[in-house]
Amino acid sequence: LYRKGRHLFGLAQAKDAITTRKVAVIVEGYFDCVTLAEAGFTHVVSPLGTALTEEQIQLLKRYTHQVILAFDGDAGGAMATLRGIDLLVEAGFQVRVAQLPSGVDPDDYVRASGRERFDRLLSASVTICEFLFEVAAGRFALHEPEGKVEAAQFILPTIAKVPNAM
């Protein structure tokens with residue numbers, strides 16, 4: 001009867017704010033979502049402790065075509081961001097990435113730094129191209145030809161999913 005992958009935590013409370021602001025912030029965890037809502041970020045949802053699914057993306061598409069991914073600043077968050085970018089881009093979303101400090105999640109960040117700093121973090125979110133270039137620069141030896149080829153092979157499949165060729 002119930003499947004987590006078909007629902008977004010906080011959507012019932014956030015849908016009006018998402019529609020008004022024309023953007024949704026997607027975080028990884030329940031506590032991230034609750035803490036951000038308490039801090040006044042009413043346009044935040046979470047994929048219910050699962051990886052973001054196509055069904056959740058289609059649900060979100062009813063309210064907006066723009067998202068900011070604000071996943072945890074750890075290896076798991078980076079992997080979830082990469083997977084989420086691919087799914088969201090394929091669905092026609094404009095995607096930006098809010099980059100949290102290493103080892104920090106949105107809940108911790110808001111509690112330690114406050115609402116205004118998190119708002120600035122969202123405002124400074126980067127495009128998917130910028131995010132992919134930063135990840136590639138950290139993974140591959142870009143000063144060598146082989147590293148450049150590996151980086152291109154890493155970046156281009158996602159870029160190819162963007163519906164607008166420009």
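Read-outs throughout are calculated quantities, based only on the coordinates presented, and are distinct from any laboratory measurement. Because the structure is a prediction, the values reported are computed rather than measured. Don't worry about glycine lacking a Cβ; one is built from the backbone with ideal geometry, like all the others, and counts go over all protein chains shown.
Hey, what angle do you get for helix 128-139 against the long axis of the chain, alpha-carbon based, 0 to 90 degrees rounded to 10?
60 degrees
When the Karplus curve 6.51 cos²θ - 1.76 cosθ + 1.60 is applied with θ = phi - 60°, which whole-Hz ³J(HN,Hα) does each residue of the range 43-48 get, with x for Gly and Pro?
After applying 6.51 cos²θ - 1.76 cosθ + 1.60, I find 10, 10, 9, 9, x, 6 Hz.
Work out how much length His65 to Glu144 would gain on full extension: take 0.36 nm times their residue separation and subtract the Cα-Cα distance, in nm to one decimal.
Details: separation 79, 0.36 × 79 = 28.44 nm, distance 3.79 nm.
Value of the extension gain: 24.6 nm.
I'd like the Kirkwood hydrodynamic radius of the chain, using the inverse of the mean 1/r over distinct C-alpha pairs, in Å.
16.3 Å
Where does each of 139-147, 115-123, 84-92 land if you order them by average Cβ count within 10 Å, highest first?
Packing order, densest peptide first, comes out as 84-92, 115-123, 139-147.
When the chain is fully extended, how far beyond the present Cα-Cα distance does Tyr30 get from Arg111, taking 0.36 nm per residue of separation? Display every interim value, and only then the final one.
On the way: separation 81, 0.36 × 81 = 29.16 nm, distance 1.49 nm.
The span from Tyr30 to Arg111 would gain 27.7 nm if fully extended.
Size of the dipole of the range 1-142 about the Cα centre, Lys and Arg at +1 and Asp and Glu at -1 on the beta carbon, nothing else charged, in debye to 20?
Values: 15 positive and 17 negative charges, 87 e Å.
Dipole about the Cα centre, nearest 20: 420 debye.
Stokes-Einstein diffusion coefficient for the range 35-75 at 20 °C in a medium of 1.002 mPa s, Rh from the Kirkwood formula over Cα pairs: what value in µm²/s? Each step should come with its number before you reach the end.
Values: Rh = 11.8 Å.
Answer from the Stokes-Einstein relation: 182 µm²/s.
With +1 on each Lys and Arg Cβ and -1 on each Asp and Glu Cβ, and nothing else charged, work out how big the dipole of the range 83-144 is about its Cα centre, in Debye to the nearest 20.
Dipole magnitude for the range 83-144 comes out near 160 debye.
Looking at the square roots a ≥ b ≥ c of the eigenvalues of the Cα gyration tensor of the range 1-96, which shape do they give, rounded for a/c under 1.5, prolate if a/b is larger than b/c, or oblate?
The shape class here is rounded.
Among Ser113, Ser125, His65, whose Cα projects farthest towards the positive end of the dipole of the range 15-166, with charges put on the beta-carbon of Lys, Arg (+1) and Asp, Glu (-1)?
His65
Rg to Rh ratio, the range 62-105, alpha-carbon atoms and Kirkwood radius?
That ratio is 1.01, to two decimals.
Just order 106-114, 40-48, 68-76 by mean Cβ neighbour count inside 10 Å, highest at the front, would you?
On the way: 106-114: 17.9, 40-48: 22.1, 68-76: 20.0.
Highest-to-lowest ranking by the protection proxy: 40-48, 68-76, 106-114.
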